[in-house]
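Below: the structure, in C-alpha cells.
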Amino acid sequence: MEDSQLICAYLDSLDGKPRFHNASHASDWAYLRFEFAARSMCDGIAVWGREIARPENERSPTTLAHEAARAQRMADFFEHRANDPVMQGPPCMAHLIIAVAVEMARKRGLGDLTADRPRLANWMRSISDLPSMQGTVPP
C-alpha cells in the first residue's frame with residue numbers, strides 16, 4: 001500500500017472496529033470539509049519541508065512562500081472553527097491529520113502554527129494529551 005489514507009484506513013480496520021474511518025463520514029460534508037482541509041494543510045507543509053531541505057541555491061522562493069502562506073491560512077481556518085462540532089467530537093482522522101500537520105510545521109522549521117491562535121492552541125493541547133498521542137510521540 002502506498003497512500004497514507006489507505007494505510008490508515010487499513011490499520012484502523014484490523015480489529016473490525018474502525019475508530020477513525022467512520023462509514024458515516026463518507027457522506028458527511030461538514031466532516032469531509034475538515035478532513036480535506038487538514039490534508040491540504042499537511043500536504044503543503046510536506047511540500048515546504050521538501051523544498052527547504054533542498055540546497056539553498058536550488059530552492060524555489062515562490063514555492064516556499066506559497067506553502068508558508070497556505071499553512072498560515074489553514075491554521076486560521078482551524079482557529080476560527082475550533083469550537084465546531086467536528087473539531088470537538090471524538091477523535092477522528094481529521095483530528096490526527098491536523099495534529100500531525102501542526103507538529104510537522106513546528107519540527108521542520110515552519111514555526112508554531114498555534115502562536116496567536118488560542119483556540120487552535122487549546123485544541124492542540126487537548127489532542128496532544130490523549131494517551132494514544134503521548135504513546136506515539138516521535139523521539
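Based on DSSP H runs of at least 4 residues, each adding -39500 (n - 2.57), what is the mean residue ellipticity at 222 nm of the chain after dividing by all its residues, to the nearest 500 deg cm²/dmol?
Computed mean residue ellipticity for the chain: -20500 deg cm²/dmol.
From Cα pairs below 8 angstrom and at least 6 apart in sequence, can you work out the relative contact order of the chain, rounded to a whole percent?
The value is 24 percent.
Give a residue-ordered list of calculated ³J(HN,Hα) values for the range 90-104 (Karplus: 6.51 cos²θ - 1.76 cosθ + 1.60, θ = phi - 60°; whole Hz; x for Gly, Pro).
Those phi angles translate into x, x, 8, 4, 4, 4, 4, 5, 4, 4, 5, 4, 4, 5, 4 Hz.
Between the helical axis of 4-13 and the dominant principal axis of the chain, each derived from Cα atoms, what acute angle in degrees is found, rounded to the nearest 10?
20 degrees
Which of rounded, prolate or oblate describes the range 28-134 when judged by the alpha-carbon gyration tensor and an a/c cut-off of 1.5?
Since a/c reaches 1.5 and a/b is larger than b/c, the shape of the range 28-134 is classed as prolate.
Any chance you could give the angle, 0 to 90 degrees and rounded to 10, that helix 29-53 forms with the longest Cα principal axis of the chain?
30 degrees
In degrees from 0 to 90, rounded to the nearest 10, what is the angle of the helix 118-128 Cα long axis to the longest principal axis of the chain?
Once rounded, the angle reads 60 degrees.
Calculate the dipole size of the chain relative to its Cα centre from +1 charges on Lys and Arg beta carbons and -1 charges on Asp and Glu beta carbons; express the result in debye to the nearest 20.
200 debye
I'd like to know which of 42, 27, 16 lies farthest towards the positive end of the charge dipole of the chain, counting +1 on Cβ of Lys and Arg and -1 on Cβ of Asp and Glu.
Positive-most Cα among the choices belongs to 42.
Quick note: the coordinates plus some simple rules give every number you see, no bench work behind them. Nothing here was measured: the structure is a model prediction, and the numbers come from that model. Note that we place each Cβ from the backbone using ideal geometry, even for glycine, and neighbour counts take in every protein chain shown.
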